[in-house]
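Undergrad: Starting off with a structure, shown below.
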Amino acid sequence: MSITGSIAGALGLTPARKVRYAVVGLGDIAQGAMLPAVAHTGNSEIAALVTGDPEKARALGARYGVPATYCYEQFGAMLRSGAVDAIYLATPNWRHAEFAVPALQAGIHVLVEKPLEVSPVRCRAILDAARASRAKVMVAYRLHFEPATLAVLDRVRAGRLGDVLAFTSTFSQRLSPDNHRARNGVAAGPVFDLGPYPVNAARAIFGAEPTEVVAAVGSRSPDSGLGDFDHTVAATLRFPGDRLAQLVVSYVGHAHDAYTVLGTEGRLTADPGYLFGRPLELVTVLGGEREHERFEATDQFGGELKYFSDCILADRDPEPDAEEGYADLRVLDGIVRALESGGSVTLEPFTRETRIDTRAQEQRLRPVASPPRVDASAPAR
């Protein structure tokens, strides 16, 4: 038996060396992106579905040939069934700890959508459970495996832009008033939903952790049909060396996802920079020379799943682990506190040694078609 096969056997994995996943939460992101991506990873399969909607479970179970379906109240029974090795967790953000902690306590690996949670206390509960478990946790930062994003990091790290001084970003999508995010306050608002993208990108590009939320302001749009929370938020973060990151996230602005890195010798813009299902594009300006590069779309969800399953099968720690999720959450929480206080917020000291390995993490799975949703819709209008 091979070494990998021995490890797989020790972890109770299937003889085909595929990690058996339960998909927990069957909303838009799971149905439109993750479920159709599983089949072509080569090392992953769907073993169970968990949802609060029996009809959705029946329809999707039939579509993907998954007879094992559970309601949320049966989650513990599913963990004890012996039928799954890992879960992909795509519930609303404020329910992540509710499922991640018992899964880790049961020795079940967890791939959790970002953000890790919506409060430092809940994040620490997941961190504590991960440290006490033999199971692995990865936060679903799909861009950590995406070629255009990794190319940005390579250019910054190689010093092509000189000393990086500033990062600016806008991420906006017009939220449908019918979406659950519109009815669940700040925990479902743009800070926690869209904010992880620019915060994570800025941290990766600077290779450092922010020390202060210098300022944060928000606005609400009375005619939007959205709930009582800030629909557009702008924030400024200070990084070591007096480097600055500025970001705007919005649920009412025209669709836009882009960021610019400003250095002493040049600048780089990714536009689009965050979304999936379409090519990402980079424009680099060095002196008077302008370089444009278009990166073809990849299956970002299949890529991150394939990487995580490889980590499980080889007993290797994934890079975007629970601590990476906490690193972003501490900043997002600081932005919320700055919004509430109207002043600056000093962030607790924090050190993150592990960074993205651009060579080891790149994935280039082909895109897959997004099938019709069952009682789920995309958040944007």
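Undergrad: Can you name every residue in region 282-315 that is polar (S, T, N, Q) and under 30 Å from Leu262 (Cα atoms)? Lay out the reasoning, then the answer.
TA: Our first condition is that a residue be polar (S, T, N, Q); within region 282-315, this holds for 284, 298, 300, 309.
Listed by number, the residues that qualify are Thr284, Thr298, Gln300.
Undergrad: Sticking with this one: Among the numbered conditions (1) touching a strand residue (DSSP E or B) at 6+ places or on another chain (Cβ under 6 Å); (2) surrounded by fewer than 22 Cβ atoms within 10 Å (Cβ to Cβ), tell me where His180 comes up short.
TA: Condition not satisfied by His180: (1).
Undergrad: Criterion first (over 22 Å from Ala33 (Cα atoms) and not assigned by TED's automatic domain parsing to the domain that holds Thr269) does Arg122 satisfy it?
TA: Values: over 22 Å from Ala33 (Cα atoms): yes; not assigned by TED's automatic domain parsing to the domain that holds Thr269: yes.
Yes, satisfied.
Undergrad: For the list (1) crowded, with 18+ Cβ neighbours inside 10 Å; (2) farther than 26 Å from His96 by Cα, I need the number of the one condition that Leu332 fails.
TA: (2)
Undergrad: Further, regarding this structure: Report, ordered by the first and then the second residue, all pairs with beta carbons closer than 7 Å, sequence separation of six or more or different chains, a first member in region 366-381 that is under 24 Å from His256 (Cβ atoms), and a second member that is among the β-branched types (Val, Ile, Thr) and in a loop (DSSP other than H, G, I, E, B).
TA: Between residues of region 366-381 that are under 24 Å from His256 (Cβ atoms) and residues that are among the β-branched types (Val, Ile, Thr) and in a loop (DSSP other than H, G, I, E, B), the close pairs are Pro367/Thr298.
Undergrad: Filter region 62-91 down to residues that are outside any loop (DSSP other than H, G, I, E, B) and among the β-branched types (Val, Ile, Thr) and give me whichever is surrounded by the most Cβ atoms within 10 Å (Cβ to Cβ). Before you say what the answer is, go through the steps one by one.
TA: Restricting attention to region 62-91, the residues satisfying the condition of being outside any loop (DSSP other than H, G, I, E, B) are 62-64, 69-70, 72-80, 86-89.
Pick out the ones that are also among the β-branched types (Val, Ile, Thr) and you get 69, 87.
On the way: Thr69: 20, Ile87: 28.
Out of the qualifying residues, it is Ile87.
Undergrad: Turning to a different aspect of this structure: Could you list all residues from region 49-61 that are part of a loop (DSSP other than H, G, I, E, B) and either under 28 Å from Ala132 (Cα atoms) or touching a Cys at 6+ places or on another chain (Cβ under 8 Å) (or both)? Give the steps one after another, and end with the answer.
TA: At the first step, the residues of region 49-61 found to be part of a loop (DSSP other than H, G, I, E, B) are 51-53.
Correct list: Thr51, Gly52.
Undergrad: Do you know which of the residues in region 209-226 that are in a loop (DSSP other than H, G, I, E, B), within 24 Å of the chain's Cα centre (by Cα) and not polar (S, T, N, Q) is farthest from Tyr259 (Cα to Cα)?
TA: Leu226
Undergrad: Kindly provide the set of residues from region 148-163 that are surrounded by fewer than 21 Cβ atoms within 10 Å (Cβ to Cβ), touching a strand residue (DSSP E or B) at 6+ places or on another chain (Cβ under 9 Å) and farther than 18 Å from His256 by Cβ, ordered by number.
TA: Ala151, Arg155, Val156, Gly159, Arg160, Gly162, Asp163
Undergrad: Now a separate question. Tell me the residue from Cys71, Cys123 that is more than 25 Å from Ala322 (Cβ to Cβ), at pLDDT 95 or above, of a type outside the set (D, E, K, R) and in contact with a Gly (Cβ under 8 Å, 6 or more places away or on another chain), please. Give the steps one after another, and end with the answer.
TA: On the way: Cys123 fails: more than 25 Å from Ala322 (Cβ to Cβ).
When all the criteria are applied, what remains is Cys71.
Undergrad: When you scan region 318-335, do you find a residue that is charged (D, E, K, R), over 26 Å from Leu262 (Cβ atoms), assigned to a helix (DSSP H, G or I) and outside the structural domain of Thr232 (by TED's automatic domain parsing), even just one?
TA: yes
Undergrad: Every residue in region 189-205 that is more than 13 Å from the chain's Cα centre (by Cα) and more than 20 Å from Phe145 (Cβ to Cβ), please.
TA: Step one: filter region 189-205 for residues more than 13 Å from the chain's Cα centre (by Cα), giving 189-191, 202-205.
Those that are more than 13 Å from the chain's Cα centre (by Cα) and more than 20 Å from Phe145 (Cβ to Cβ): Gly189, Pro190, Val191.
Undergrad: Follow-up question, since we're still on this one. I'm trying to understand the selection: among the residues of region 304-355, which are within 16 Å of the chain's Cα centre (by Cα) and either free of Cβ contacts under 8 Å to residues at least 40 places away in the same chain or closer than 25 Å to Lys18 by Cα (or both)? Explain how you work it out, then say what you get.
TA: Here is the first cut: in region 304-355, the ones within 16 Å of the chain's Cα centre (by Cα) are 304-308, 318-332, 355.
Within region 304-355, Glu304, Leu305, Lys306, Tyr307, Phe308, Pro318, Glu319, Pro320, Asp321, Ala322 qualify.
Undergrad: Could you please tell me which pairs satisfy a Cβ distance under 7 Å, a separation of 6+ or placement on different chains, a first residue in region 157-183 that is over 28 Å from Ala90 (Cβ atoms), and a second residue that is part of a strand (DSSP E or B) and polar (S, T, N, Q)?
TA: Thr168/Gln246; Thr168/Thr260
Residue-wise test of (1) within 26 Å of Thr284 (Cβ to Cβ); (2) not acidic (Asp, Glu).
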site	(1), (2)
Asp193	no, no
Ala208	yes, yes
Ser221	no, yes
Arg238	yes, yes
Tyr251	no, yes
Arg267	yes, yes
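Undergrad: Of all residues in region 184-214, which are closer than 24 Å to Arg95 by Cα and among the acidic types (Asp, Glu)? Talk me through it step by step, then tell me what you get.
TA: So the first thing to find is which residues in region 184-214 are closer than 24 Å to Arg95 by Cα, and the list is 184-200.
Once the filter is applied, which keeps residues that are closer than 24 Å to Arg95 by Cα and among the acidic types (Asp, Glu), region 184-214 yields only Asp193.
Undergrad: What do you reckon, is Ala135 part of a loop (DSSP other than H, G, I, E, B), in contact with a strand residue (DSSP E or B) (Cβ under 8 Å, 6 or more places away or on another chain), touching a residue at least 24 places away in the same chain (Cβ under 8 Å) and not assigned by TED's automatic domain parsing to the domain that holds Gly277? Step through it out loud before you land on a result.
TA: Details: part of a loop (DSSP other than H, G, I, E, B): yes; in contact with a strand residue (DSSP E or B) (Cβ under 8 Å, 6 or more places away or on another chain): yes; touching a residue at least 24 places away in the same chain (Cβ under 8 Å): yes; not assigned by TED's automatic domain parsing to the domain that holds Gly277: yes.
Yes.
Undergrad: Name the single residue that is surrounded by the fewest Cβ atoms within 10 Å (Cβ to Cβ) among those in region 100-147 being closer than 23 Å to Tyr197 by Cβ and touching a Cys at 6+ places or on another chain (Cβ under 8 Å).
TA: Per the criteria, the residue is Met138.
Undergrad: Pairs please, first residue from region 61-75 and of a type in the set (Gly, Ala, Ser), second anywhere and outside any strand (DSSP E or B), Cβ atoms under 7 Å, 6+ apart in sequence or on different chains.
TA: Sorted first by the residue in region 61-75, then by its partner, the pairs are Gly61/Pro67; Ala68/Ala83.
Undergrad: Also, quick follow-up: Within region 286-305, take every residue that is of a type in the set (Gly, Ala, Ser) and outside any helix (DSSP H, G or I) and give me the one that is modelled with the lowest pLDDT. Working first, answer last.
TA: The initial filter retains those residues of region 286-305 that are of a type in the set (Gly, Ala, Ser), namely 287-288, 297, 302-303.
Now drop any that are not outside any helix (DSSP H, G or I), which leaves 287-288, 297.
Working: Gly287: 89, Gly288: 86, Ala297: 97.
Only one residue tops the list, namely Gly288.
The values are calculated or read from the model by the stated rules, or taken from the named source; none is laboratory data. Keep in mind the model is a prediction, meaning the values are calculated, not measured. A quick note on method: Cβ atoms are made from the backbone with ideal geometry, for glycine too, and the neighbour counts reach across all protein chains shown.
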